[in-house]
Amino acid sequence: MKRSAFAFAVLALGLTAAAPARADYTVVRWENGYCQIWWDSSATPWGVGWTKIAVTPDWSMAADAKDSAIQNGACR
């Protein structure tokens, strides 16, 4: 019985560790035109003077979105 409980606990821990983490990234534009990549799109900056430009599932896509916004003149 102890062995089966231990095996079940190890299996449960393994499945939990194997689940992918969800970490969205947001490109935030401040009122002065400066843009920044913000980790965890649900946690937004405090205060006023910012807008979300893009929400992406990973850092590299957020960096591409920021570069594109800079090239289009939406950001500095």
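Remark: relative contact order (the stretch 21-76) = 41 percent; criterion is Cα-Cα distance under 8 angstrom and separation of 6 or more residues. Magnitude of the charge dipole for the stretch 21-76, about its Cα centre and with charges confined to Cβ atoms of Lys, Arg (+1) and Asp, Glu (-1), is about 120 debye. Between residue 38 and 26, 27, 28, the built amide H atoms are under 5 Å apart, and every one of these is 5 or more places off in sequence or on another chain.
Every number here is computed from the coordinates shown, using simple stated rules; none is lab data. Remember, it's a predicted structure, so these values are computed and weren't measured experimentally. Neighbour counts are summed over all protein chains in view; Cβ atoms, including those assigned to glycine, are modelled from backbone coordinates with ideal geometry.
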